[in-house]
Structure formats: C-alpha cells, structure tokens
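Written out below as structure tokens is the structure these notes cover.
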Amino acid sequence: MADSPTLADVQAAAEAIAGRVHRTPMLTSATLAARCGAPVWLKAELFQRIGAFKPRGAFNRLEALTPEERELGTITISAGNHAQGVAFSARHLGLRAVIVMPPRLRSASWSAWAWPSGSAIVRGCCRVESSSGWRWPERS
C-alpha cells in the first residue's frame, strides 16, 4: 500500500492544478448537521469544469509525467467522470489520450468537448471513435 500523502504532497498538487480547475465552494447543511450531531460541510463539485472532482487528480497525475511518458500519452478505462476528467485534462495539457468505455454507454454521456486532440474513445473491444482518425496498431 502506498504511503499516505504528506502536507508537501498536497501543497505540490494544489500548485500543479492551480488555474486549471475551479475553486469550488464549501457549503454547510443544517439538516445533515442536525441528523449527524456535528457540523457537516459539503464540497460543491457540481460547479467544477466537468461537474465532478476528477480533473483535480487527472491534472495532478498527468503533470507529473516525464517527457517520455508525455510523448506516449495516456490511457484510461472508465464509463464516467474519471474518463471525462482524464480526457479534459489531457486536452488542456496537449497530451494524447485513449479512453476505453463499455460498448453500451449512451452517446449522450460524451460530447466532443471532452476529447483531447489526438485521442480516441474505444467502446468495448470492437468499435473505435476518434477525433483524429486514431486506430489500434495492427497485430504482427
């Protein structure tokens, strides 16, 4: 198991994502506080750039790539916010990304704005949609 993040790790992550994601508000809930018997704070990530907190981790991780890794790009397997966060972050960093998703995911779940240049969305094992004509390499 990985070591827990240190304060320095958190500060470095905050610096890496600064200006790339919105600073979303913290809200209180009197109703939840009354039920829990303690103050309750909610992070309003619905105001984030893709409506979820995922770009925070994606930007932080993709920023840490070496130049050689950046040249290769990134790949993720997800049917939801993680895939959108990686695609969004890769686009803004100018990286190629391959997003593998289930074949039956509704097309409405994706929009062209989420696709980084040079990326591909792979649905299951058979169908590839690409913003740049990307295709899986031929088997030799």
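No lab work stands behind these numbers, since they all come straight from the coordinates. Here the structure is a predicted model, which means the values were calculated and not measured. All Cβ positions, even for glycine, are placed from backbone atoms using ideal geometry, and neighbour counts span all protein chains on display.
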Next on the checklist: Could you give the length gained by full extension between Ser29 and Lys43, i.e. 0.36 nm per residue of separation minus their alpha carbon distance, to one decimal place?
Outcome noted: 3.9 nm
Item to check | Whether the range 7-47 is rounded, prolate or oblate, judged on the alpha carbon gyration tensor where a/c under 1.5 counts as rounded | outcome: oblate
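Restricting to Cα pairs below 8 Å that are 6+ residues apart, what does the relative contact order work out to for the range 7-47? Please round to a whole percent. Don't skip to the end; give the middle numbers.
Working: 30 pairs, mean separation 14.5, N = 41.
Contact order relative to length: 35 percent.
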Item to check | Virtual spin-label span in nm between Phe53 and Ala16, 7 Å along Cα→Cβ | outcome: 1.6 nm
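Stretched out fully, how many nm does the piece from Cys36 to Glu68 gain, at 0.36 nm a residue minus the Cα gap? Working shown, then result.
Details: separation 32, 0.36 × 32 = 11.52 nm, distance 4.90 nm.
Result for the pair: 6.6 nm of gain on full extension.
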